[in-house]
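Okay, structure first, notes after.
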Amino acid sequence: MNRNFKTYNMQLLKNEMYPESSTEVRAGRLEYTSEEVNKYIGEHFLYAKEIIHSILSAKRAKHCAAAAEYAAEMAKAVKYDAKVAYYAGLFHDVCKELSEEDSRDFITSLGLQGNNKSLYPKHVLHQVCGALWLKYCYCVNNEAIVHAVEVHTTLNMELSILDKIIFVADKICDGRAFDGIQKLRALTHQDFAAGFAEVVKRAYQYNLDKGIIFNEEQEKIYQKWMKVQPL
């Protein structure tokens with residue numbers, strides 16, 4: 001070994017070894033890389049597909065990819081940034097398969113009250129964790145994407161075009177199947193504002209049929225967005 005170094009005029013560096021690995025990063029283990037590296041990764045959406053397919057089940061990853069494609073398609077139709085919409089759709093369910101305990105632990109690890117079930121009821125955990133993961137682990141520097149993931153199931157009183165695109169893509173992308181879905185898809189292509197309102201109505205009725213009782217705030221949100229409004 002030493003003879004080879006001398007023969008080829010090589011220098012042996014005795015630096016400290018670190019556990020960074022592109023394989024680990026592709027598996028979503030971003031704790032192995034520095035904040036500066038993660039910021040570069042998040043800014044350029046590096047390893048996005050690999051991460052989704054590594055940390056989610058095949059079925060969930062397939063849904064995320066389908067939502068991403070549909071979101072990009074809708075974005076082009078309403079003249080929004082298709083790349084931004086694509087990655088928001090791809091990551092919208094990134095924390096969907098975390099257990100409730102792991103979700104609450106993750107939120108708590110970031111200095112928030114993860115075990116406060118009034119602040120973080122069970123049904124919001126995956127969207128909250130997804131937004132936090134994007135912001136603090138994957139280091140996405142696009143707040144619109146973070147917000148779209150944070151509200152993609154519950155919506156909010158104020159929604160951006162991207163928020164609406166991701167809500168629609170999640171509900172009616174390829175792979176979803178229910179009576180009337182083809183008409184909904186056609187409507188969102190013809191008139192996105194009307195299509196969004198109709199998708200909200202279907203989601204509202206679906207939850208009612210499941211026996212879900214909305215609190216006052218959630219009821220106001222649904223009532224607002226079930227009405228067609230300009231983009």
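The values are calculated or read from the model by the stated rules, or taken from the named source; none is laboratory data. Note that the structure is predicted; figures quoted are calculated from it, not measured. Positions of Cβ are backbone-derived with ideal geometry, glycine not excepted, and every protein chain shown enters the neighbour counts. The protein model used for the area step is the full one, side chains on, heavy atoms only, and it has no ligands, DNA or RNA in it. Shrake-Rupley method; radii C 1.70, N 1.55, O 1.52, S 1.80 Å.
At a glance:
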read-out: Verdict on residue 46 being at pLDDT below 95, more than 21 Å from the chain's Cα centre (by Cα) and not in a helix (DSSP H, G or I); value: no
read-out: Selected residue [more than 17 Å from residue 164 (Cα to Cα) and touching a helix residue (DSSP H, G or I) at 6+ places or on another chain (Cβ under 6 Å)] from 180, 211, 175; value: 175
read-out: Segments classed as helices (runs of 4 or more DSSP H), wholly inside the stretch 121-197, with at least 2 members that are polar (S, T, N, Q) and over 30 Å from residue 110 (Cβ atoms); value: 181-190
read-out: Enumeration of residues in the stretch 58-96 that are small (Gly, Ala, Ser) and either closer than 23 Å to residue 30 by Cα or touching a residue at least 24 places away in the same chain (Cβ under 8 Å) (or both); value: 58, 61, 65, 66, 67, 68, 71, 75, 77, 85, 88, 89
read-out: Any hit, the stretch 203-211, residues being within 28 Å of residue 76 (Cα to Cα) and assigned to a helix (DSSP H, G or I); value: yes
read-out: Any hit, the stretch 98-108, residues being under 12 Å from the mean Cα position of the chain (by Cα), at pLDDT 95 or above and open to solvent by 60 Å² or more (accessible area, probe 1.4 Å); value: no
read-out: Contacts under 6 angstrom Cβ, first residue in the stretch 115-126 being under 15 Å from residue 101 (Cβ atoms), partner hydroxyl-bearing (Ser, Thr, Tyr), 6 or more apart; value: 125/103
read-out: Number of the condition not met by residue 52 [criteria: (1) open to solvent by less than 80 Å² (accessible area, probe 1.4 Å); (2) β-branched (Val, Ile, Thr); (3) at pLDDT below 95]; value: (3)
read-out: Matching residues, the stretch 71-93, being open to solvent by less than 10 Å² (accessible area, probe 1.4 Å) and either more than 15 Å from residue 173 (Cβ to Cβ) or among the hydrophobic types (A, V, I, L, M, F, W, C) (or both); value: 71, 74, 75, 85, 88, 90, 91
read-out: Considering residues of the stretch 113-147 that are among the aliphatic types (A, V, I, L, M) and over 23 Å from residue 35 (Cα atoms) only, the residue surrounded by the most Cβ atoms within 10 Å (Cβ to Cβ); value: 125
read-out: Unique residue being out of contact with any helix residue (DSSP H, G or I) (no Cβ under 7 Å at 6 or more places or on another chain), without any contact (Cβ under 8 Å) to a residue 40 or more places away in the chain and within 20 Å of residue 80 (Cα to Cα) when the list is 150, 158; value: 158
read-out: Criterion (under 18 Å from the mean Cα position of the chain (by Cα) and under 24 Å from residue 218 (Cα atoms)) met by exactly one of 124, 84; value: 124
read-out: Residue match in the stretch 56-78 (condition: at pLDDT 85 or above and among the polar types (S, T, N, Q)); value: yes
read-out: Subset tally (residues that are over 17 Å from residue 55 (Cα atoms), assigned to a loop (DSSP other than H, G, I, E, B) and among the charged types (D, E, K, R)) for the stretch 90-120; value: 1
read-out: Flag for residue 220 being open to solvent by 70 Å² or more (accessible area, probe 1.4 Å), part of a helix (DSSP H, G or I), in contact (Cβ under 8 Å) with a residue 60 or more places away in the chain and not hydroxyl-bearing (Ser, Thr, Tyr); value: yes
